[in-house]
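Peer 1: This is the structure I have questions about; it appears just below.
What follows draws every value from the coordinates through simple rules; no lab data is involved. This is a predicted model, so every value here is computed, not measured. Here the Cβ positions follow ideal geometry from the backbone for every residue, glycine too, while neighbour counts run over all protein chains shown.
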Amino acid sequence: MKPNIEATEFGSITVEGKTFEKDIIIRLDGDVKKRKKKLSREVYGTSHKISVEEAKYVYEKGAERIIIGSGQEGMVKISKKADAYLRKKGCDVELMPTSEAIKKWNEAEGKAIGLFHLTC
């Protein structure tokens with residue numbers, strides 16, 4: 001079951017009544033996990049660019065799309081290699097500011113994964 005995201009503001013996101021203060025990933029089964037930003041930080045020196053290593057961690061077999069909340073001001077980008085990896089797996093990539101991404105997430109049908117950056 002896909003959990004509903006109720007709200008976001010700088011530094012937090014509320015999913016099914018629980019507030020998280022770290023970036024999160026919502027898995028295909030609805031499980032909410034902390035984002036492993038270090039996978040991108042080790043490659044680019046920042047978590048504002050999603051690496052192919054992080055994309056491999058986030059992707060799950062059968063996912064049709066990944067909805068990425070790129071932060072309150074839309075600072076997060078996806079590397080060309082990560083984008084290509086996901087698309088090769090048949091997974092569409094939708095990248096937008098987090099406030100827009102939660103609306104997209106809540107309306108999404110099918111097999112979707114969510115990745116949400118909570119600050120910039």
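Peer 1: Any idea which residue in region 60-89 is farthest from residue 108 (Cα to Cα), counting only those that are touching a Lys or Arg at 6+ places or on another chain (Cβ under 6 Å) and surrounded by fewer than 21 Cβ atoms within 10 Å (Cβ to Cβ)?
Peer 2: Of all residues in region 60-89, those touching a Lys or Arg at 6+ places or on another chain (Cβ under 6 Å) come to 62-64, 67, 77, 79.
Of the ones still in play, those that are also surrounded by fewer than 21 Cβ atoms within 10 Å (Cβ to Cβ) are 62-64, 77, 79.
Values: 62: 15, 63: 12, 64: 11, 77: 21, 79: 24 Å.
Within region 60-89, the match that is farthest from residue 108 (Cα to Cα) is 79.
Peer 1: Then there is this: Just to be sure before I move on: is residue 23 touching a residue at least 40 places away in the same chain (Cβ under 8 Å) and surrounded by 15 or more Cβ atoms within 10 Å (Cβ to Cβ) in the structure I sent? Even if it seems obvious, please write down each step before you answer.
Peer 2: Details: touching a residue at least 40 places away in the same chain (Cβ under 8 Å): yes; surrounded by 15 or more Cβ atoms within 10 Å (Cβ to Cβ): yes.
Yes: the conditions hold for residue 23.
Peer 1: Among the listed residues 40, 79, 47, which satisfies the condition of being of a type in the set (S, T, N, Q) and more than 23 Å from residue 10 (Cα to Cα)? It would help to see each step written out before you state the result.
Peer 2: On the way: 40 fails: more than 23 Å from residue 10 (Cα to Cα); 47 fails: more than 23 Å from residue 10 (Cα to Cα).
Exactly one residue qualifies, and that residue is 79.
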